[in-house]
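The values are calculated or read from the model by the stated rules, or taken from the named source; none is laboratory data. None of the values given here were measured: they were computed from a predicted structure. Positions of Cβ are generated from backbone atoms using ideal geometry, with glycine treated the same way; all protein chains shown enter the neighbour counts.
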Amino acid sequence: MPTTEQLFTDSLRRHADQVGASDRPFAQVAYREARRIRIRRRIIAGVACVALAVAIPVGLDVLDLRTTSKTHVGPAGTQSPAPRPSGRATPVKVTLDLDKLPRGEAPKVPWYDDGVIRDGNQTAPVAGVKDGGDLTFVPTAGGYVVEVGCCEGIGDSTSRTTLIASDGAVRKTLPEVTFPVVSGDGRLLAWAGMAGDQPSGTSLAIVDGITGKVLHRADVDPRFPYPVGFLGDLVAVTEQRSDKGTTELWDPETDEISTVKGALRSHRTNGGELLLTEVQPAPEHTGMDCQGVIDIAGNSRRLWDGCDFDGAEVMSVSPDGRYVFGTTYETNYETKRDTGKAVIFDLKESRTVLEISGLLRFEAPTWEPDGSILFVADAYQDLTNPKNAIARCTLQGECELATKARKTDHLAGRYLLPGFRWG
């Protein structure tokens, strides 16, 4: 059996291979990141619901691991095909041009701009951000988990992960672990790391989201499972034993681990009962790499299949589990421009309600409390006019800028929303 170190390396190589070779700085950054960070996930999980309470009065010494009612997982059964898009109600179609969108309100969720995480009138300065580096942040109860990479003042390490308060004060510097996933209420974190000093072992941990104190740890087989999100009281973990990977559910109360049928390598959850994962292609999509949404509480039923939408990547599911946000891209390597398309699919009515397109990429989709969708509109590959802005669209197709559009120059001109972004 390969060692954990080998599995780490293989995983990062796979991530690097997914980055297209082009003139974009992102490709260079991706390869550099894959070489230098041993325990790192490409996609951060558990950011579907970011409207967390600023402070939650709890007794930290007696913090209950039970965050919500237990998620029950029924027998796997036979995989049902994803519902096919119905012919009802033609979707609204919108083409975005950052130069022509009207300006609206600032984001109603935490967002990053020029060294500061902003949430309404509250600001949290982030130390150590350097142009050409990278930054990731996810809200917790009363603060944030922040990872800054490739920066000054952090010793021999190439990245540093900290738990900070809502005013930016550092509460704790975290050990070398996978980037934490956050429970729906922001009170708990989960991560994976080395099992003690054993080079061939891995441990999973549940951590206090306010203090960073490890509440429970379990050593597991040397297969490099890393958490991708909470599903009620359970934690979804993905491991790398095979090329396509598998997904399992870890119960921190019993340390039992069960396999999710029909799920390959997973990327995130919606915090409730839905898993966003790579899936085996249906017969009509043989040979394609497909991503989908699986209902853990419903016999692992596939609710949505990105291969029904030109191989769309599933990026986000609304906190109520009703809407899926998926994206596809085409790159013109002569003009160095991306044409992106986003679809919002209604799982309840089995139909596409909104299609958004433009010469840009749709990054880090995040749902606002009123049901609008925010995303980073990134026209970085348009070399004649590189721009970056946070945009907002309603499900009715009314779109606007939540920030001004400005020239993109690595982190110096980049807006960020909760979740993973290359610097």
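Those residues that are more than 15 Å from Tyr415 (Cβ to Cβ) and without any contact (Cβ under 8 Å) to a residue 60 or more places away in the chain, I need them from segment 125-144; list them, please.
Pro125, Ala127, Gly128, Tyr144
Considering only segment 119-143, state which residues are surrounded by fewer than 18 Cβ atoms within 10 Å (Cβ to Cβ), modelled with pLDDT of 90 or more and either touching a His at 6+ places or on another chain (Cβ under 9 Å) or in a strand (DSSP E or B) (or both).
Gln122, Thr123, Pro125 - these are the residues of segment 119-143 that are surrounded by fewer than 18 Cβ atoms within 10 Å (Cβ to Cβ), modelled with pLDDT of 90 or more and either touching a His at 6+ places or on another chain (Cβ under 9 Å) or in a strand (DSSP E or B) (or both).
Residues of segment 252-278 being within 17 Å of the chain's Cα centre (by Cα) and of a type in the set (Asp, Glu), which ones?
Glu273, Glu278, listed by residue number.
Would you point out which residue out of Glu334, Glu363, Glu355 is without any contact (Cβ under 8 Å) to a residue 12 or more places away in the chain and either out of contact with any Pro (no Cβ under 6 Å at 6 or more places or on another chain) or in a strand (DSSP E or B) (or both)?
Residue meeting the stated conditions: Glu334.
Looking only at segment 232-264, how many residues end up being among the charged types (D, E, K, R), within 24 Å of Trp304 (Cβ to Cβ) and at pLDDT 85 or above?
2
Restricting to segment 292-301, name every residue that is surrounded by fewer than 24 Cβ atoms within 10 Å (Cβ to Cβ) and touching a Ser or Thr at 6+ places or on another chain (Cβ under 7 Å).
Ala297, Arg301
Residue by residue through segment 227-285, note down the ones that are in contact (Cβ under 8 Å) with a residue 40 or more places away in the chain, part of a loop (DSSP other than H, G, I, E, B) and surrounded by 24 or more Cβ atoms within 10 Å (Cβ to Cβ).
Asn270
Here is a list of conditions, (1) among the acidic types (Asp, Glu); (2) more than 14 Å from Val182 (Cα to Cα); (3) touching a residue at least 24 places away in the same chain (Cβ under 8 Å), and Asp208 meets all of them except one; can you say which number that is?
Here Asp208 clears every test but (2).
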